[in-house]
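Single-structure report; data block below.
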Amino acid sequence: MNAPDANVPKQKFDSSWEPFIPYADLSSCPPDVKPALDALIGRLGFVANSHKFYLHNAGVLRAILAMIDNISSNPDGTLDRVLRRKLAVVCSAANGCVYCTTHQCQFLTRPRAGLGEAEGWGLSMKEVHELIDGRETSSSDFERLCLEFARKASHEPGGVPDELRARLAKALSPAQVVELAAVVAYWKFLNTLHDCLAVPPEDQNLKFTGVLEANASAI
């Protein structure tokens with residue numbers, strides 16, 4: 001059994017709360033999107049409470065699964081998957097979404113996944129804190145530039161400096177620039193949706209609910 005990570009801050013919530021609308025049952029999933037939802041659950045390693053909200057509305061479920069497949073988890077994306085997951089925690093923290101931040105902490109700190117295993121990237125909690133507060137010393141110059149853009153664009157999409165856009169245009173291909181902006185926008189959408197719905201964190205993610213408060217001065 002692994003020892004607790006001393007860098008994981010004290011939990012903000014000791015237990016989840018009851019959703020203000022009932023969860024939908026997985027059996028209500030439309031047949032045309034069930035394979036995509038099953039694949040997502042397999043990658044996550046658990047059924048997310050947010051999924052049980054999406055299932056109430058087939059159109060919303062289809063739209064989110066399409067965005068996941070084409071933006072956040074596209075295997076043919078122009079940005080590598082670990083960078084997209086780092087962007088996810090940076091954006092979720094910048095947007096103040098506790099629910100999504102707990103998810104990203106879970107995926108980033110799990111042991112690196114093998115074939116057929118739930119997603120994991122093997123980062124330390126110290127590295128996650130550094131991502132959130134902008135001190136990502138282990139990242140490449142390319143990653144740091146993308147993360148800098150993600151922070152700026154999450155806080156004020158129209159306020160990204162022209163100088164930063166010029167650096168992006170020099171270092172990234174046009175396809176990478178568009179994908180980067182789409183990833184930032186995807187998390188703005190998802191963070192807003194989950195906060196509006198007050199989605200309760202899953203039991204296995206409760207230990208990460210104090211991360212935003214621990215990094216509040218840097219967000």
Which condition breaks for Val89 when tested against (1) surrounded by fewer than 21 Cβ atoms within 10 Å (Cβ to Cβ); (2) under 19 Å from Thr192 (Cβ atoms)?
-> (1)
Number of the condition not met by Val8 [criteria: (1) at pLDDT below 95; (2) over 20 Å from Pro111 (Cα atoms)] | (2)
Which numbered condition Gly45 misses (of (1) surrounded by 15 or more Cβ atoms within 10 Å (Cβ to Cβ); (2) modelled with pLDDT of 95 or more) | (2)
For the stretch 140-173, the count of residues that are over 18 Å from Ile219 (Cβ atoms) and not hydrophobic (A, V, I, L, M, F, W, C) equals 11
Identify the residue in the stretch 3-17 that is among the charged types (D, E, K, R) and closer than 18 Å to Cys97 by Cα and, among all such residues, is surrounded by the most Cβ atoms within 10 Å (Cβ to Cβ).
-> Lys12
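Residue-by-condition table, conditions (1) more than 21 Å from the chain's Cα centre (by Cα); (2) closer than 21 Å to Asp203 by Cβ; (3) not in a loop (DSSP other than H, G, I, E, B):
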{"site": "Asp14", "(1), (2), (3)": "yes, yes, no"}
{"site": "Ala24", "(1), (2), (3)": "yes, yes, no"}
{"site": "Pro31", "(1), (2), (3)": "yes, no, no"}
{"site": "Ile41", "(1), (2), (3)": "no, yes, yes"}
{"site": "Lys52", "(1), (2), (3)": "no, yes, yes"}
{"site": "His56", "(1), (2), (3)": "yes, no, no"}
{"site": "Gly59", "(1), (2), (3)": "yes, no, yes"}
{"site": "Ile64", "(1), (2), (3)": "no, no, yes"}
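Starting from residues that are in a helix (DSSP H, G or I) and either of a type in the set (Lys, Arg) or without any contact (Cβ under 8 Å) to a residue 24 or more places away in the chain (or both), keep the ones in the stretch 105-131 and report whichever is farthest from Asn215 (Cα to Cα).
Filtering the stretch 105-131 for residues that are in a helix (DSSP H, G or I) and either of a type in the set (Lys, Arg) or without any contact (Cβ under 8 Å) to a residue 24 or more places away in the chain (or both), the one farthest from Asn215 (Cα to Cα) comes out as Leu108.
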Scan the stretch 49-56 and give yes if some residue there is hydroxyl-bearing (Ser, Thr, Tyr), farther than 25 Å from Val128 by Cβ and either touching a strand residue (DSSP E or B) at 6+ places or on another chain (Cβ under 6 Å) or free of Cβ contacts under 8 Å to residues at least 60 places away in the same chain (or both), otherwise no.
-> yes
Name the residues in the stretch 101-124 that are under 9 Å from the mean Cα position of the chain (by Cα) and within 21 Å of Arg144 (Cα to Cα), would you?
-> Thr101, Gln104, Cys105, Phe107
Only one of Val211, Val177, Val199 is modelled with pLDDT of 95 or more and either under 15 Å from the mean Cα position of the chain (by Cα) or under 15 Å from Thr101 (Cβ atoms) (or both), namely Val199
Tally of residues being out of contact with any His (no Cβ under 7 Å at 6 or more places or on another chain), crowded, with 18+ Cβ neighbours inside 10 Å and assigned to a helix (DSSP H, G or I) across the stretch 178-213 = 15
Residues of the stretch 132-154 that turn out to be modelled with pLDDT under 95 and closer than 19 Å to Leu212 by Cβ, as a count = 5
Residue check, Leu172 against (1) more than 16 Å from the chain's Cα centre (by Cα); (2) at pLDDT 95 or above; (3) surrounded by fewer than 19 Cβ atoms within 10 Å (Cβ to Cβ), all met but one. Which one?
-> (3)
Check Lys34 against each of (1) among the charged types (D, E, K, R); (2) at pLDDT 95 or above; (3) surrounded by fewer than 16 Cβ atoms within 10 Å (Cβ to Cβ); (4) under 16 Å from Cys100 (Cα atoms) and name the one condition it does not meet.
-> (4)
Among (1) out of contact with any Ser or Thr (no Cβ under 6 Å at 6 or more places or on another chain); (2) assigned to a helix (DSSP H, G or I); (3) surrounded by 12 or more Cβ atoms within 10 Å (Cβ to Cβ); (4) acidic (Asp, Glu), the one test that Glu136 misses | (2)
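The values are calculated or read from the model by the stated rules, or taken from the named source; none is laboratory data. Just so we're clear, the structure is a prediction, and the values are computed from it rather than from any experiment. No Cβ is skipped: glycine too gets one built from the backbone with ideal geometry, and neighbour counts run over all protein chains shown.
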